[in-house]
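Student: My structure is below; once you've seen it, I'll send some questions.
The values are calculated or read from the model by the stated rules, or taken from the named source; none is laboratory data. Everything numeric in this text was worked out from a predicted model, so none of it was measured. Using ideal geometry, Cβ is built from the backbone for each residue, glycine included, and neighbour counts are taken over all protein chains shown. Surface accessibility is based on the protein's heavy atoms, side chains included, excluding ligands, DNA and RNA. Shrake-Rupley method; radii C 1.70, N 1.55, O 1.52, S 1.80 Å.
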Amino acid sequence: MKEVKLVNVNDVQERTPPGGGGSWRRLVSDEATETGLIFGYGIIQPGDGRGWHKHPAGEDETFFVIEGEALLEWKEEGKVLSQVANKGCAFYTPGDMENNVTNVGVTPLKAVFAIVKAKS
């Protein structure tokens, strides 16, 4: 059994992922959980984006908008699809699906994300 942890967002170092924008803080790592859960908080400045990326098959992600306006994009069968999301919206993508999040608003986009890695 893994131990219980309490993590303050201000105690975690900000990082920008390779090839992407925004400042992200990983609050819970997959090594610390029994299910392969990764959970974090991020901020994307106006006009900036996360960058196109995808996770390995079996590594699903949910992105939840706390504040701001996001252009959500994903690729299905060779087509780019998109939707604008505001505060209170969640965006789910299965592993192995290319996706991108861009701040199209005038204020910082604040969000949390959860990734579940399939356990072997």
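Student: Does Asp30 qualify as being of a type in the set (D, E, K, R), farther than 14 Å from Ala111 by Cβ and in contact (Cβ under 8 Å) with a residue 12 or more places away in the chain?
Tutor: In short, yes.
Student: Ok, one more. Return the residues of region 73-99 that are assigned to a strand (DSSP E or B) and closer than 18 Å to Gly19 by Cβ; say none if nothing qualifies.
Tutor: Of everything in region 73-99, those that are assigned to a strand (DSSP E or B) and closer than 18 Å to Gly19 by Cβ turn out to be Glu73, Trp74, Lys75, Val80, Thr93, Asn99.
Student: Restricting region 81-120 to residues that are touching a residue at least 60 places away in the same chain (Cβ under 8 Å) and in contact with a His (Cβ under 9 Å, 6 or more places away or on another chain), which is surrounded by the fewest Cβ atoms within 10 Å (Cβ to Cβ)?
Tutor: Across region 81-120, the extreme among qualifying residues is Lys117.
Student: Here's another thing I want to ask about it. Can you confirm whether region 48-57 contains a residue that is hydrophobic (A, V, I, L, M, F, W, C) and farther than 21 Å from Pro94 by Cα?
Tutor: No, the conditions are met nowhere in region 48-57.
Student: Further question on the same structure: Filter region 1-48 down to the residues that are of a type in the set (Lys, Arg) and not in a loop (DSSP other than H, G, I, E, B), then identify the one that is least open to solvent (accessible area, probe 1.4 Å). Can you show your working first?
Tutor: Of the residues in region 1-48, the ones of a type in the set (Lys, Arg) are 2, 5, 15, 25-26.
Applying the additional criterion that residues be not in a loop (DSSP other than H, G, I, E, B) yields 15, 25-26.
Numbers: Arg15: 162, Arg25: 43, Arg26: 124 Å².
Ranking the qualifying residues of region 1-48, first place goes to Arg25.
Student: Also, quick follow-up: If we scan region 62-80, do we find a residue that is free of Cβ contacts under 8 Å to residues at least 24 places away in the same chain, surrounded by fewer than 14 Cβ atoms within 10 Å (Cβ to Cβ) and touching a strand residue (DSSP E or B) at 6+ places or on another chain (Cβ under 9 Å)?
Tutor: yes
Student: Still on this structure, I have one more. Could you tell me whether region 10-26 includes any residue that is without any contact (Cβ under 8 Å) to a residue 24 or more places away in the chain, within 12 Å of the chain's Cα centre (by Cα) and closer than 21 Å to Ala118 by Cα?
Tutor: Scanning region 10-26, I find at least one residue that is without any contact (Cβ under 8 Å) to a residue 24 or more places away in the chain, within 12 Å of the chain's Cα centre (by Cα) and closer than 21 Å to Ala118 by Cα, so the answer is yes.
Student: Return the residue satisfying two criteria in turn: it lies in region 33-84 and is hydroxyl-bearing (Ser, Thr, Tyr) and either farther than 23 Å from Lys110 by Cβ or in contact with a helix residue (DSSP H, G or I) (Cβ under 8 Å, 6 or more places away or on another chain) (or both), and of such residues it is modelled with the highest pLDDT.
Tutor: Tyr41
Residue by residue, here is whether (1) more than 28 Å from Val4 (Cα to Cα); (2) touching a Pro at 6+ places or on another chain (Cβ under 6 Å); (3) among the basic types (Lys, Arg) holds:
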site	(1), (2), (3)
Arg26	no, no, yes
Phe64	no, no, no
Lys87	yes, no, yes
Phe91	no, no, no
Ile115	no, no, no
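Student: Additional query: Are any residues in region 64-120 of a type in the set (D, E, K, R) and closer than 16 Å to Gly47 by Cα, and if so, which ones?
Tutor: Across region 64-120, the qualifying residues are Glu67, Glu69, Glu73, Lys110.
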